[in-house]
Amino acid sequence: MDLNLRKAILSNISENDHKQLEATIVDAIQDGEEKMLPGLGVLFELIWEQSDDQDKQEMIKSLEQGVQQANTGS
């Protein structure tokens, strides 16, 4: 079975507006379900590809801080 998960996820959100995209992200994070992780990965990929170098550095800094907080239990 040849399933292109990335294309399926993009197809599912292709008609979503700003509020729907935000709700998708918030719901996926709040639910904490493992099955949502690939979708969040595809969304992050889209964000990354649309970002300039400064935005990418800010995201990496935020990610680094989040990882540190997660590791310290804060």
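The values are calculated or read from the model by the stated rules, or taken from the named source; none is laboratory data. Quick caveat: nothing in here was measured; it's all calculated off a predicted structure. Neighbour counts are summed over all protein chains in view; Cβ atoms, including those assigned to glycine, are modelled from backbone coordinates with ideal geometry.
Just a few scattered comments:
- Residue 49 being assigned to a loop (DSSP other than H, G, I, E, B), at negative phi and loosely packed, with under 10 Cβ neighbours inside 10 Å: no
- The test for being small (Gly, Ala, Ser), modelled with pLDDT under 95 and surrounded by 10 or more Cβ atoms within 10 Å (Cβ to Cβ) holds for residue 28.
- The residues of segment 34-46 that are surrounded by 10 or more Cβ atoms within 10 Å (Cβ to Cβ) and not aromatic (Phe, Trp, Tyr), listed by number, are 36, 37, 38, 39, 40, 41, 42, 43, 45, 46.
- Residue within segment 26-34 that is under 15 Å from the mean Cα position of the chain (by Cα) and not in a helix (DSSP H, G or I) present: yes
- Taken as a whole, the structure leaves residue 8 outside the set of residues that are over 12 Å from the mean Cα position of the chain (by Cα), loosely packed, with under 10 Cβ neighbours inside 10 Å and aliphatic (A, V, I, L, M).
- Selected residue (only one of 71, 16 is over 10 Å from the mean Cα position of the chain (by Cα), loosely packed, with under 10 Cβ neighbours inside 10 Å and either outside any helix (DSSP H, G or I) or among the polar types (S, T, N, Q) (or both)): 71
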